[in-house]
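Participant: Before anything else, here's the structure in question.
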Amino acid sequence: MKSKHDLVRNVLRDNADGLTTKQITVQVQVETDSLSRILDAMPDAYIDRWVGPDRGKYSAVWCVVKPPENCPHPVNFEVK
């Protein structure tokens, strides 16, 4: 299942506005139950908003946090 984590993460990063679980399952080709476990195990995945209702149900729109680059170490550091 670990390989799917990276695939889901990449799909979400490529779609900055987020995707519903239905949209993710189509792109990643994974079952909905498996996707739920994958998203629950990803600390960088979060529900950004809800859309709908469609047939009386709302759908979560999932996104992932894009971690910032590490701050570069100072080259010349002087204490004054």
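The values are calculated or read from the model by the stated rules, or taken from the named source; none is laboratory data. If you're wondering where the values come from, they're calculated on a predicted model, not measured in any experiment. Cβ placement follows ideal geometry from the backbone for every residue including glycine, while neighbour counts extend to all protein chains displayed.
Participant: Suppose we filter 34, 59 for residues that are under 18 Å from residue 15 (Cα atoms), of a type in the set (Ser, Thr, Tyr), surrounded by 12 or more Cβ atoms within 10 Å (Cβ to Cβ) and in contact with a helix residue (DSSP H, G or I) (Cβ under 8 Å, 6 or more places away or on another chain); which single one remains? Walk me through it before giving the result.
Facilitator: Working: 34 fails: under 18 Å from residue 15 (Cα atoms).
That would be 59, the only listed residue that is under 18 Å from residue 15 (Cα atoms), of a type in the set (Ser, Thr, Tyr), surrounded by 12 or more Cβ atoms within 10 Å (Cβ to Cβ) and in contact with a helix residue (DSSP H, G or I) (Cβ under 8 Å, 6 or more places away or on another chain).
Participant: Give the residues of the range 43-59 that are among the hydrophobic types (A, V, I, L, M, F, W, C) and either modelled with pLDDT under 95 or in contact with a Gly (Cβ under 9 Å, 6 or more places away or on another chain) (or both), sorted by residue number. Spell out the reasoning first.
Facilitator: Narrowing the range 43-59 to residues among the hydrophobic types (A, V, I, L, M, F, W, C): 45, 47, 50-51.
Within the range 43-59, 47 is the sole residue that qualifies.
Participant: Across the range 37-54, which residue is surrounded by the fewest Cβ atoms within 10 Å (Cβ to Cβ) among those that are acidic (Asp, Glu) and assigned to a strand (DSSP E or B)?
Facilitator: Step one: of the range 37-54, the residues acidic (Asp, Glu) are 40, 44, 48, 54.
Applying the additional criterion that residues be assigned to a strand (DSSP E or B) yields 48, 54.
Numbers: 48: 13, 54: 10.
Out of the qualifying residues, it is 54.
Participant: Which count do you get for residues in the range 3-12 that are of a type in the set (D, E, K, R) and either touching a strand residue (DSSP E or B) at 6+ places or on another chain (Cβ under 6 Å) or modelled with pLDDT of 95 or more (or both)?
Facilitator: Our first condition is that a residue be of a type in the set (D, E, K, R); within the range 3-12, this holds for 4, 6, 9.
Checking the rest, the ones that are also either touching a strand residue (DSSP E or B) at 6+ places or on another chain (Cβ under 6 Å) or modelled with pLDDT of 95 or more (or both) come to 9.
Looking only at that region, the number is 1.
Participant: I'd like to know if the range 56-69 contains one or more residues that are under 10 Å from the mean Cα position of the chain (by Cα), part of a helix (DSSP H, G or I) and not hydroxyl-bearing (Ser, Thr, Tyr). Let's see the steps before the verdict.
Facilitator: Quick first cut of the range 56-69, residues under 10 Å from the mean Cα position of the chain (by Cα) only: 61-66.
Narrowing further to those that are part of a helix (DSSP H, G or I): none.
Scanning the range 56-69 turns up no residue that is under 10 Å from the mean Cα position of the chain (by Cα), part of a helix (DSSP H, G or I) and not hydroxyl-bearing (Ser, Thr, Tyr).
Participant: Which residues, counting only those in the range 1-20, are polar (S, T, N, Q), out of contact with any Ser or Thr (no Cβ under 6 Å at 6 or more places or on another chain) and either touching a residue at least 24 places away in the same chain (Cβ under 8 Å) or surrounded by 11 or more Cβ atoms within 10 Å (Cβ to Cβ) (or both)? Outline the logic, then answer.
Facilitator: Of the range 1-20, the ones polar (S, T, N, Q) are 3, 10, 15, 20.
When the remaining residues are screened for being out of contact with any Ser or Thr (no Cβ under 6 Å at 6 or more places or on another chain), the result is 3, 10, 15.
Within the range 1-20, 10, 15 meet the criteria.
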